[in-house]
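In what follows, a single structure is set out as structure tokens and then discussed.
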Amino acid sequence: MHNKALANIILMVKRADELIYTADRIDRAIASVMVGKSFNEEQLKWLGYIQEHLVQNLSIEIDDFEYAPIFERVGGNGKGKKVFSGGLEALIDEINAALASKSK
């Protein structure tokens, strides 16, 4: 019984460490796509939604803007495309590329 409790504690610590690493990696990826660009207040809110989605789901695709509750409640894909002046897909591609490069 003692060994099982110890194994559970080790597993919890390992998962917490993975979550911290993942959140940090997401933070760095979002920050890297913001470098050299200016975003208005609404775009910054949407970048926050994207970041929240990534923390919960660990990935993002353009289809997520139609189905993920975090995006549905603020207008979905149509609103996102409008907020980023049609550049939403390029932004998502850039974020995914930054995430991939940060994972190495």
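Look at (1) of a type in the set (Ser, Thr, Tyr); (2) modelled with pLDDT of 85 or more; (3) within 17 Å of Ile95 (Cβ to Cβ) and you find that Thr22 fails only one, number (2). Figure legend. Inter-residue proximity from segment 42-58: first residues without any contact (Cβ under 8 Å) to a residue 24 or more places away in the chain, second residues surrounded by fewer than 18 Cβ atoms within 10 Å (Cβ to Cβ) and in a helix (DSSP H, G or I), beta-carbon distance below 8 Å, spacing 6+ or different chains. Indicated pairs: Leu47/Ile30; Leu47/Met34; Glu52/Ile70; His53/Ile70; Gln56/Ile70. Counting only residues that are under 16 Å from the mean Cα position of the chain (by Cα) and aromatic (Phe, Trp, Tyr), segment 71-103 holds 1 of them. The conditions are (1) farther than 17 Å from Leu91 by Cβ; (2) modelled with pLDDT of 90 or more; (3) hydrophobic (A, V, I, L, M, F, W, C), and Ile9 fails exactly one of them. Which is it? Ile9 satisfies every listed condition except (2).
The values are calculated or read from the model by the stated rules, or taken from the named source; none is laboratory data. Owing to the predicted nature of the structure, the values given are computational and were not obtained by experimental measurement. Neighbour counts run over all protein chains shown; Cβ positions are idealised from the backbone, glycine included.
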